[in-house]
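What follows is a single structure, written as structure tokens, with notes after it.
The values are calculated or read from the model by the stated rules, or taken from the named source; none is laboratory data. As the structure is a computational prediction, the values presented were derived from the model and not from experiment. Note: ideal-geometry Cβ built from the backbone for every residue, glycine included; neighbour counts use all protein chains shown. Note: areas computed on protein heavy atoms with side chains; ligands, DNA, RNA excluded. Shrake-Rupley method; radii C 1.70, N 1.55, O 1.52, S 1.80 Å.
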Amino acid sequence: MTSTQERTEDQNLPYDVFAKACPSREALEHVTGRWGTLTLGALYEGSLRFNELRRRVEGVSEKMLSQTLHALERDGLVLREAQSTNPPRVDYELTPLGSEVAQRLLALIQVLEGGMDDVLAARESYDETRGAR
């Protein structure tokens, strides 16, 4: 069986992120990694240039942001638009799928931010009973 036939047959199977070989697992890793989540969240606010995005996502290195954008673009979540100006201008924005994913991530972020008092109290309690690490 050729790899093309295998891919065609695989496409007929339901995707299952819990299955080791499922391609959805890699996409989930791109989205839920630290920089993927923050990049998608920042782009939900609107189109940004690379350096604008880097400033918005504090702490990300140029290399990590570049790798993250490439992965998200490959997964169809981010659109890279190069404009032929002098100097060249490249803008990044979310695709419709990327926008939907970002919206759900931002809902999760809001829940976490809203519950940080509980998280911090739980950490303190854990550290007191188990010893700070």
Test result for Val60, at pLDDT 95 or above, part of a loop (DSSP other than H, G, I, E, B) and surrounded by 10 or more Cβ atoms within 10 Å (Cβ to Cβ): yes
Residue count, region 76-90 (criterion: in contact (Cβ under 8 Å) with a residue 40 or more places away in the chain, open to solvent by 30 Å² or more (accessible area, probe 1.4 Å) and in a loop (DSSP other than H, G, I, E, B)): 0
Residues satisfying the stated conditions in region 76-108, i.e. modelled with pLDDT under 95 and touching a helix residue (DSSP H, G or I) at 6+ places or on another chain (Cβ under 7 Å): Val90
Test set (1) exposed (fewer than 15 other Cβ atoms within 10 Å of the Cβ); (2) of a type in the set (D, E, K, R); (3) part of a strand (DSSP E or B) - Glu93 fails condition number: (1)
Test: residue in region 34-53 that is within 9 Å of the chain's Cα centre (by Cα) and in a loop (DSSP other than H, G, I, E, B): no
Cross-chain or 6+ apart pairs with Cβ under 6 Å, region 1-29 first and on the phi < 0 side of the Ramachandran plot, then at pLDDT 60 or above and part of a helix (DSSP H, G or I): Tyr15/Ser24; Val17/Ser24; Val17/Arg25; Val17/Leu28
Residue match in region 14-21 (condition: open to solvent by less than 80 Å² (accessible area, probe 1.4 Å), at pLDDT below 95, in a helix (DSSP H, G or I) and farther than 18 Å from Thr95 by Cα): no
